[in-house]
Amino acid sequence: MIDAPRPRPADGARLRHRALPLAVLGCWLVWAALAWWTAPRSVDAVDLERDLAAGRVVTLARADGWDDSGPWGRRPELRYTQNGSTVVWARPDGQFRYTYVPAPVPRGGAVEDAADPDPVTEPGPGQEADPLADPRARAAVARSGDSLADTLADAAALLALTIGVGWLLMLVAGPPPVAGSRWYWFWIGLLPYALGVLAWAWRERWRAEAPLTGTRGSGWRGFGGLIVGGIVVSLAVAVLGLLLGGYVVPGA
């Protein structure tokens, strides 16, 4: 009977190097799926009417668009306002939808009377009825922040934060990178959709033993790569949105 050879210490280190990028990839796939599913999707006002009729509106609110600034993975925050033209609702399946319906003006004029804290509003000429005033939407308007869509979106944001913080700690405290300096990978890691983090995991962990070919990337080179790469990714997303539609590529 022949005993199987025991793994050598070098084999254990190699396994750890291979396990880390696989873990990063797995977390990224979960984050990408959650972020894609909960990304706000633009639809027609007819879709809102259908969802109201079918009871598929969990929360409903008016807003003035989203604050989507900040690094990748940050959840877009609604800019809530009573006079916003963007009507946003959450569905039971965990998705956000929005459409544009102008806010109704107060009866008698477009400017609210300061003496009347709750002026009566009505649609103006050619305006659609306010969906928030629909009796079928009363429960949805009163409910806020407790939908499945909010839970999934928060989970995606938390997972993105975990990936980002974990990558940064490994970049700072880990062994010196091979293909570029730490500043190089810092800037590359800020690319949209965590593409730079995936590139770091592949090159500096999965292929850590591969020798460097060419010049080692510097911080300035990484900064330039961030600018150029960000433009390329934005253009690619825009083109995919035109080809595949807003449901497949939301926000394009």
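The values are calculated or read from the model by the stated rules, or taken from the named source; none is laboratory data. These figures come from a predicted structure and were not determined experimentally. Positions of Cβ are backbone-derived with ideal geometry, glycine not excepted, and every protein chain shown enters the neighbour counts.
Pull up segment 208-229, narrow it to residues that are at pLDDT 95 or above and not aliphatic (A, V, I, L, M), then point me to the one that is surrounded by the most Cβ atoms within 10 Å (Cβ to Cβ).
Here is the first cut: in segment 208-229, the ones at pLDDT 95 or above are 220-229.
Those still in the list that are not aliphatic (A, V, I, L, M) too: 220-225, 229.
On the way: W220: 12, R221: 17, G222: 22, F223: 16, G224: 13, G225: 19, G229: 19.
Checking each candidate, the answer is G222.
In this structure, is R205 touching a strand residue (DSSP E or B) at 6+ places or on another chain (Cβ under 9 Å) and surrounded by 16 or more Cβ atoms within 10 Å (Cβ to Cβ)? Spell out how you get there, then give the answer.
Details: touching a strand residue (DSSP E or B) at 6+ places or on another chain (Cβ under 9 Å): no; surrounded by 16 or more Cβ atoms within 10 Å (Cβ to Cβ): yes.
Against the criterion (touching a strand residue (DSSP E or B) at 6+ places or on another chain (Cβ under 9 Å) and surrounded by 16 or more Cβ atoms within 10 Å (Cβ to Cβ)), R205 does not qualify.
In this structure, does G166 turn out to be surrounded by fewer than 18 Cβ atoms within 10 Å (Cβ to Cβ), in a helix (DSSP H, G or I), outside the structural domain of A90 (by TED's automatic domain parsing) and small (G, A, S)?
Numbers: surrounded by fewer than 18 Cβ atoms within 10 Å (Cβ to Cβ): yes; in a helix (DSSP H, G or I): yes; outside the structural domain of A90 (by TED's automatic domain parsing): yes; small (G, A, S): yes.
Answer is yes for this residue.
Need pairs with beta-carbon distance below 7 Å; first residue assigned by TED's automatic domain parsing to the domain that holds S181 and of a type in the set (F, W, Y) and within segment 207-227, second surrounded by 17 or more Cβ atoms within 10 Å (Cβ to Cβ) and assigned to a helix (DSSP H, G or I); sequence gap 6+ or separate chains.
Going by the 7 Å Cβ cut-off, the qualifying pairs are F223/W187.
Can you pull out every residue in segment 61-90 that is hydrophobic (A, V, I, L, M, F, W, C) and touching a residue at least 40 places away in the same chain (Cβ under 8 Å)? Before you say what the answer is, go through the steps one by one.
Looking only at segment 61-90, we keep the residues that are hydrophobic (A, V, I, L, M, F, W, C), and these are 61, 63, 66, 72, 78, 87-90.
Of everything in segment 61-90, those that are hydrophobic (A, V, I, L, M, F, W, C) and touching a residue at least 40 places away in the same chain (Cβ under 8 Å) turn out to be A61, W72, V87, V88, W89, A90.
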